[in-house]
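The structure appears right after this line, and notes come after that.
The values are calculated or read from the model by the stated rules, or taken from the named source; none is laboratory data. Keep in mind it's a predicted model, so treat the numbers as computed, not measured. Note that each Cβ is placed from the backbone with ideal geometry, even for glycine, and that neighbours are counted across all protein chains shown.
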Amino acid sequence: MSKSLSGTVALVTGASSGIGEATAVALAERGATVALVARRRDKLEALAERIGGGGKALVIEADVSDQAQAQAAVETAVGELGRLDTLVNNAGVMLLGPIVGAPLEEWQRMVNLNVLGLLYCTHAALPHLLAAAEGDPRSVADVVNVSSTAGRVARLNSGVYNATKFGVVAFSESLRQEVTARHVRVSIIEPGATATELASHNRLVVLEEMAKNFGGIELMASEDIADAIVYVVTRPRHVAVNEMLIRPTEQER
């Protein structure tokens with residue numbers, strides 16, 4: 001496998017499971033040193049040991065919905081690893097259900113992590129990404145924001161989750177216009193139904209409804225999305241993949 005990311009450092013949020021875990025492994029396989037950021041240290045340490053067989057990883061326990069922890073995570077990565085070339089904002093939570101009578105704490109969790117956590121990490125990372133884009137080894141840097149099909153189409157019982165992911169898309173496009181001439185590429189990855197822990201945090205009634213909607217189709221694996229992220233960040237310097245929508249073949253909407 002090509003080591004096209006050798007000499008670079010990537011930071012992946014939500015790296016303790018699912019898409020974040022698979023992405024960290026895939027980036028390390030391409031030669032990147034990876035900073036693994038999430039709240040579950042035990043999961044991160046197991047992942048770092050796995051990566052350590054053929055790459056290098058740094059464990060950073062942090063809740064990126066807290067501004068101080070998000071900033072400290074980025075600064076720790078740069079301080080320990082010397083630079084930052086790729087930021088993958090993957091951490092997120094999906095709590096579905098009707099808007100009427102919804103538990104407000106679910107909305108707060110989604111906004112705090114899906115939006116504010118992404119903003120905090122991006123804000124802290126941008127000076128380092130801009131610096132990395134000015135020189136070797138690639139003279140380009142990447143911000144990859146993991147959104148969702150929910151960032152494209154609003155659906156019943158998904159209102160606030162939709163709002164957070166629409167917000168990610170809008171922020172990403174504005175940032176892209178601001179930094180693209182300085183060779184920091186901003187990309188949005190929009191997965192459809194993927195077999196991860198994401199749905200498991202929902203209430204039972206929501207899980208039952210999701211089973212009706214998606215129980216009959218073959219879901220994507222985390223590795224499918226990681227493969228897309230690796231594709232995006234390994235394009236030549238003059239090529240930017242700004243948006244990638246990925247659904248299971250059998251998913252209609």
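Values for this structure:
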quantity	calculated
Any hit, region 138-149, residues being surrounded by fewer than 17 Cβ atoms within 10 Å (Cβ to Cβ), in contact (Cβ under 8 Å) with a residue 24 or more places away in the chain, on the phi < 0 side of the Ramachandran plot and among the acidic types (Asp, Glu)	no
Candidates Gly52, Gly31, Gly18, Gly14 - the one that is under 18 Å from Asn145 (Cα atoms) and out of contact with any Asp or Glu (no Cβ under 7 Å at 6 or more places or on another chain)	Gly14
Condition check for Val88: under 30 Å from Val239 (Cα atoms), buried (at least 20 other Cβ atoms within 10 Å of the Cβ) and among the hydrophobic types (A, V, I, L, M, F, W, C)	yes
Qualifying residue in region 29-37 (condition: at pLDDT 95 or above and at positive phi)	yes
Residue ID - nearest to Val34 (Cα to Cα), chosen from residues in region 46-74 that are over 18 Å from the mean Cα position of the chain (by Cα) and of a type in the set (D, E, K, R)	Lys56
Condition check for Gln108: without any contact (Cβ under 8 Å) to a residue 12 or more places away in the chain and not in a strand (DSSP E or B)	yes
Residue match in region 70-81 (condition: farther than 25 Å from Ile225 by Cβ, polar (S, T, N, Q) and touching a Cys at 6+ places or on another chain (Cβ under 9 Å))	yes
Conditions (1) surrounded by fewer than 14 Cβ atoms within 10 Å (Cβ to Cβ); (2) over 23 Å from Tyr120 (Cβ atoms); (3) modelled with pLDDT of 95 or more; (4) of a type in the set (S, T, N, Q); number of the one not met by Thr249	(3)
Leading residue by the ranking (modelled with the lowest pLDDT) among those in region 176-200 that are surrounded by fewer than 17 Cβ atoms within 10 Å (Cβ to Cβ) and within 18 Å of Asn90 (Cβ to Cβ)	Ser200
Residues being assigned to a loop (DSSP other than H, G, I, E, B), within 17 Å of Leu113 (Cβ to Cβ) and not hydrophobic (A, V, I, L, M, F, W, C) - total across region 72-96	2
Test for Val12: is it crowded, with 24+ Cβ neighbours inside 10 Å, β-branched (Val, Ile, Thr), part of a helix (DSSP H, G or I) and modelled with pLDDT of 95 or more	no
